[in-house]
Amino acid sequence: MQVFVYKNEAEVGKAAGMIVASEILKKPDCILGLATGSTPIPTYQEMIRMNKEGILDFSKVRSFNLDEYIGLSPEHVCSYRRFMNEQLFDHINIDKANTHVPCGIGADHEADAKAYDAAVEAAGGIDLQILGIGHDGHIGFNEPGDEFVSGTNIVTLTDMTIDANTRFFEKREDVPRQAITLGNRNIMAAKRIILLATGKGKARAIAQAIKGNITPKMPASLLQVHPNVQFLLDEDAASEL
Ligand code: GLP
């Protein structure tokens, strides 16, 4: 695992944008694993800038997002599909048919989870996975627990995650209690992973993920055994290392 520390979130976004660009230049039809949350937004802005300036071509790129809330339709203002469209896909020349976000409103969530796993595998697996991190150390929506979960699965969100994500909703009661997320096996199978973290609120989780024991109680700690992972942090997120 490599750890890089930058002055602020804009610099983290620039560095992550460069890594995405190098992946696409190397493999124009690469599979990107994408994350939601506020942390990757500067990275997405860099990707948009490079596309508008003609440096980056997304026409052959395919993507799989990590997760979606159970119960929110793709059109819902707080859904992760809508977030991705608004923050990235609507502004670059990616074919939306090549972008995938788990389905949160199917009749059979378990079947949807299996189908999502199969689709990732059929595409050849994720080349570059972008991750954020929750305050409790979750990656995707894989919350702390007693076991590492394997493939795409349905999770119950912790109170800490519901609190953290309330800012996107009108009120706490509106935050869905469950989500569908790629599992640790899917994430660990990515050929390369970059984890982005900015702000003091992430400092403790980052310190535990990098220096603590590998334990499902700190899901991001599993990344310690991935052969190609870089943590891109701002000074605040790195302040407890
Ligand atoms: C959500 C997402 C995660 C994300 C986390 C942190 O829980 N499911 O993928 O990493 O939020 O979000 P933020 O970057 O806004 O702190």
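The values are calculated or read from the model by the stated rules, or taken from the named source; none is laboratory data. The shown structure was predicted, so the numbers you read here are calculated from the model rather than taken from an experiment. Protein only, heavy atoms only, side chains kept; ligands, DNA and RNA dropped before computing areas. Shrake-Rupley method; radii C 1.70, N 1.55, O 1.52, S 1.80 Å.
I want to verify a result. In a Gaussian network model of the chain, Cα cutoff 10 Å, which of these has the top mean-square fluctuation: 200, 211, 171?
171
Can you tell me the equivalent ellipsoid semi-axes for the chain? Use √(5λ) from the Cα gyration tensor, largest first, whole Å.
Square roots of five times the eigenvalues give 23, 22, 18 Å.
Under 19 Å from the Cα of residue 14, which lysines turn up, not counting those fewer than eight places away in the same chain?
Result set, ordered by chain and number: 26, 52.
Only bridges whose two residues both fall in the chain count here: according to DSSP, what percent of them are antiparallel, nearest 5? Don't skip to the answer; put the middle values down first.
On the way: 8 of 30 bridges.
Expressed as a percentage, antiparallel bridges in the chain total about 25.
Once amide H atoms are built 1.01 Å from N in the peptide plane, which residues 5 or more positions from residue 65, or in another chain, come under 5 Å H to H?
34, 100, 101
Per residue, how much accessible area does the chain show when a 1.4 Å probe rolls over the protein heavy atoms, in square angstrom?
Working: 10390 Å² over 241 residues.
Averaged over the residues of the chain, the accessible area is 43 Å².
Give the cross-link partners of residue 60 among the aspartates and glutamates, using a straight C-alpha distance below 14 Å as the criterion and excluding same-chain residues fewer than 8 apart.
23, 29, 95, 127
Counting only protein heavy atoms and a 1.4 Å probe, tell me what percentage of the chain's accessible area is made up of carbon and sulfur.
52 percent
For the chain, what relative contact order do you get, as a whole percent, if you take Cα pairs closer than 8 Å and at least 6 residues apart?
For the chain, the relative contact order is 25 percent.
Hey, if you drop one equal point scatterer on each alpha-carbon of the stretch 96-217 and run the Debye formula without solvent, what base-10 log of I(q)/I(0) do you get at q = 0.09, 0.20 Å⁻¹?
Normalising to I(0) and taking log10 leaves -0.27, -1.31.
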